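Chemist: First the structure, which I've put down as structure tokens, then a few questions once you've had a look.
The values are calculated or read from the model by the stated rules, or taken from the named source; none is laboratory data. Nothing here was measured: the structure is a model prediction, and the numbers come from that model. Cβ sites come from the backbone with ideal geometry, for glycine too, and all protein chains shown count toward neighbours.
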Amino acid sequence: MKKIGLIILGLCSQLSFAQANRFIYQVTMKPDSTNRNDIKTELAYLDATPEKSIFYGEKRLQRDSLFTKVRQTGSFNFDRSQMQNLRSNIDFTVDKDFKTNTKTFTSRIARDQYAYEEDRPMEWKILPETAKIGDYKTQKAETQFAGRSWFAWFTTDIPFQDGPYKFSGLPGLIVKVEDSKGDYSFDLKETKKIAAIQAFSQSGNPVKVKRKDFVKQETLFRKDPASFMQASMGSARGGSGISAPQSRGSMRTPDPNQRRQMETRMAEELKKNNNPIELK
């Protein structure tokens, strides 16, 4: 009877984790290396099943709900401050497919969405150190990724070899991960069952590129956002080797004053966001 009870318990556990799970992380960021006191904090979600997962910011979900309501009702009854409050430093998604072992990063550069498959393996070194974090017994691991040294604490109590952002591959869920400089950290705050992982609506398909080409485009944008946006309205970006999406003809070109204000605001924002999570 004891053996049968253990088998039933194991089956119940498997069924429990066969449905979708949402892991809620608090993300702490220092995006401005010249102002270490400028600390940004947001919540982000990792929706996961045994086959796949998606990581995204909570504000992305709130924006998507707002725009869905607008499309359904035809009412644009919200003000500029409401949209300002939904601006996010986590303006990207990371999709992981565990069957194909691929990670797809999707983000916007200027007005266009791009997607690339992560091509760098994440090699972990599991350390002997353990710690109790919340309700979980965790073990420490470290890795070098994208120009930073990262330390993670994972738990085998939750049978997902996954974690926030692009982090995965440890023998259990990553409960906490932070870089050695203290610029970025992800801390698990809550877990819950959900009906299905989040699917976001978007107009058109993202431009699929290689990671090196995405980095090249992002560098061009940061160097001169105004010129980049002008070039993106053409049929191709000169010298990039990437076909540009067609410009949205329904959008009106702002008047010169509006355009200058937009360019100034964008340049100021980029200047303050000089400490990205990936340094190379």
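Chemist: Just one of ILE133, ILE109 is over 25 Å from LYS216 (Cα atoms) and surrounded by 13 or more Cβ atoms within 10 Å (Cβ to Cβ); which is it?
Modeler: Only one candidate passes the filter, namely ILE133.
Chemist: From the list VAL177, VAL94, pick out the single residue that is of a type in the set (Val, Ile, Thr), more than 30 Å from SER227 (Cβ to Cβ) and at pLDDT 95 or above.
Modeler: VAL177
Chemist: Where the second residue is assigned to a helix (DSSP H, G or I) and the first is at pLDDT 75 or above and lies in region 256-272, which pairs have Cβ atoms under 7 Å and are six or more apart or on separate chains?
Modeler: Here the result reads LEU270/ARG222; LEU270/PRO225, each pair linking region 256-272 to a residue that is assigned to a helix (DSSP H, G or I).
Chemist: Same structure, new question: In region 154-183, how many residues are in a strand (DSSP E or B) and either surrounded by fewer than 21 Cβ atoms within 10 Å (Cβ to Cβ) or small (Gly, Ala, Ser) (or both)?
Modeler: Of the residues in region 154-183, 3 are in a strand (DSSP E or B) and either surrounded by fewer than 21 Cβ atoms within 10 Å (Cβ to Cβ) or small (Gly, Ala, Ser) (or both).
Chemist: Would you pick out the residues in region 41-80 that are at pLDDT below 70 and not in a helix (DSSP H, G or I)?
Modeler: Answer for region 41-80, where residues must be at pLDDT below 70 and not in a helix (DSSP H, G or I): GLY74, SER75, PHE76, ASN77, PHE78, ASP79.
Chemist: If you don't mind, another one. Only residues in region 99-110 that are small (Gly, Ala, Ser) count as the first member; pair them with residues that are buried (at least 16 other Cβ atoms within 10 Å of the Cβ) and part of a loop (DSSP other than H, G, I, E, B), Cβ under 8 angstrom, at least 6 apart or cross-chain, and list the lot.
Modeler: none
Chemist: Looking at LYS223, LYS192, LYS166, can you tell me which residue is over 22 Å from LYS40 (Cβ atoms) and at pLDDT 95 or above?
Modeler: Exactly one residue qualifies, and that residue is LYS192.
Chemist: Let me ask something additional. Among residues belonging to region 193-219 that are under 18 Å from the mean Cα position of the chain (by Cα) and of a type in the set (A, V, I, L, M, F, W, C), point out the one that is surrounded by the fewest Cβ atoms within 10 Å (Cβ to Cβ).
Modeler: If we take residues in region 193-219 being under 18 Å from the mean Cα position of the chain (by Cα) and of a type in the set (A, V, I, L, M, F, W, C), then ALA199 is surrounded by the fewest Cβ atoms within 10 Å (Cβ to Cβ).
Chemist: Considering only residues that are among the charged types (D, E, K, R), in a strand (DSSP E or B) and in contact (Cβ under 8 Å) with a residue 24 or more places away in the chain, which ones fall in region 111-130?
Modeler: ASP112, GLU117
Chemist: Is it fair to say ILE109 is modelled with pLDDT under 95 and of a type in the set (A, V, I, L, M, F, W, C)?
Modeler: yes
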